[in-house]
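To start, the structure itself, in structure tokens.
The values are calculated or read from the model by the stated rules, or taken from the named source; none is laboratory data. Please read all numbers here as calculations on a predicted model, not as lab measurements. Cβ atoms come from the backbone with ideal geometry, glycine included; neighbour counts cover every protein chain shown.
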Amino acid sequence: EPEVTQTPSHQVTQMGQEVILRCVPISNHLYFYWYRQILGQKVEFLVSFYNNEISEKSEIFDDQFSVERPDGSNFTLKIRSTKLEDSAMYFCASSSGGRAYEQYFGPGTRLTVT
Amino acid sequence: AQSVTQLGSHVSVSEGALVLLRCNYSSSVPPYLFWYVQYPNQGLQLLLKYTSAATLVKGINGFEAEFKKSETSFHLTKPSAHMSDAAEYFCAVSENTGGFKTIFGAGTRLFVKA
């Protein structure tokens, strides 16, 4: 069964550093998403991406964040100048269609900023 | 703007008892509604979804949910709890505002007692 994969599973970085979280969505999917979940809190939408551009982003997704689909298979989330409060689990998801379609989630990357 | 409220951050039931997890939504347009389950250290998995067809939706693992527009609710039920149902459950709403933003509730952790 096809699945969304994410690497690394755990990333530790120092405050102020840049990190890139990688995701490989399901191959025939067209819509891609990033969410984050701070420990013990709810899943928060960050951004959706379709047709090589951001289709929607939340207020969390400010200039510190960027997304890219560099090669037709990977989908990356870059966080510049990380802060302690960026520590969270980051989930990538993909879907074959728009809002009515199931999103398939990856296992997540746990980002720890020290 | 859409929002989701899950009543009860923790629910505890005995094995074999009815499971009822409550979800109320707010949406300015007809919503698409989802229930996801998250097992420890894993990503989210879709249990079921409502996309304006039948109001009673059946999902995996014996779960079902009923969309009640008059009550703006989408409660999740299962007639008989199993130990393996212990997990975190998230209700989510999707609204086509030009993008594909999905808003999650705060989650309800289900405990199943032997």
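Going by what's in this entry, would B:Tyr36 be described as within 11 Å of another protein chain (Cβ to nearest Cβ), touching a Leu at 6+ places or on another chain (Cβ under 9 Å) and among the aromatic types (Phe, Trp, Tyr)? Talk me through it step by step, then tell me what you get.
Values: within 11 Å of another protein chain (Cβ to nearest Cβ): yes; touching a Leu at 6+ places or on another chain (Cβ under 9 Å): yes; among the aromatic types (Phe, Trp, Tyr): yes.
It is true that B:Tyr36 is within 11 Å of another protein chain (Cβ to nearest Cβ), touching a Leu at 6+ places or on another chain (Cβ under 9 Å) and among the aromatic types (Phe, Trp, Tyr).
Of the residues examined, A:Phe45 is one that is touching a Ser or Thr at 6+ places or on another chain (Cβ under 7 Å), closer than 28 Å to B:Leu7 by Cα and modelled with pLDDT of 90 or more. Somewhere in region A:28-48, is a residue in contact with a Gly (Cβ under 6 Å, 6 or more places away or on another chain) and either more than 9 Å from chain B (Cβ to nearest Cβ) or part of a strand (DSSP E or B) (or both)? Checking region A:28-48: at least one residue is in contact with a Gly (Cβ under 6 Å, 6 or more places away or on another chain) and either more than 9 Å from chain B (Cβ to nearest Cβ) or part of a strand (DSSP E or B) (or both). Residue under question is A:Val113, and the condition is that it be modelled with pLDDT of 90 or more, out of contact with any helix residue (DSSP H, G or I) (no Cβ under 6 Å at 6 or more places or on another chain) and surrounded by 13 or more Cβ atoms within 10 Å (Cβ to Cβ); does it hold? Considered against the rule, which asks whether it is modelled with pLDDT of 90 or more, out of contact with any helix residue (DSSP H, G or I) (no Cβ under 6 Å at 6 or more places or on another chain) and surrounded by 13 or more Cβ atoms within 10 Å (Cβ to Cβ), A:Val113 comes out as no.
Checking each residue in region B:85-99 for being of a type in the set (Gly, Ala, Ser) and at pLDDT below 95 picks out B:Ala92, B:Ser94, B:Gly98, B:Gly99. Filter region A:51-60 for residues that are assigned to a strand (DSSP E or B) and either touching a residue at least 24 places away in the same chain (Cβ under 8 Å) or facing chain B (nearest Cβ under 7 Å) (or both) and give the result. A:Ser55, A:Glu56 - these are the residues of region A:51-60 that are assigned to a strand (DSSP E or B) and either touching a residue at least 24 places away in the same chain (Cβ under 8 Å) or facing chain B (nearest Cβ under 7 Å) (or both). Scanning region A:96-108 for residues that are within 8 Å of chain B (Cβ to nearest Cβ) and small (Gly, Ala, Ser) yields A:Gly98, A:Ala100, A:Gly106, A:Gly108.
Mind listing just one residue for me: the one in region B:48-76 that is under 10 Å from the mean Cα position of the chain (by Cα) and at the interface with another protein chain (Cβ under 10 Å from one of its Cβ atoms) and, of those, modelled with the lowest pLDDT? Filtering first and then ranking leaves B:Lys49. Entry remark, region A:21-53: residues being surrounded by fewer than 15 Cβ atoms within 10 Å (Cβ to Cβ) and β-branched (Val, Ile, Thr) number 1 in total.
Here's a check for you: in region B:100-114, which residue that is in a strand (DSSP E or B) and within 13 Å of another protein chain (Cβ to nearest Cβ) is modelled with the lowest pLDDT?
Keep residues of region B:100-114 that are in a strand (DSSP E or B), which gives B:101-104, B:108-113.
Then keep just the ones that are within 13 Å of another protein chain (Cβ to nearest Cβ); that gives B:101-104, B:108-109.
Values: B:Lys101: 78, B:Thr102: 84, B:Ile103: 88, B:Phe104: 91, B:Thr108: 96, B:Arg109: 96.
In this case the residue turns out to be B:Lys101.
Of all the residues in region B:96-107, those that are crowded, with 21+ Cβ neighbours inside 10 Å and either within 16 Å of the chain's Cα centre (by Cα) or of a type in the set (A, V, I, L, M, F, W, C) (or both) number 5.
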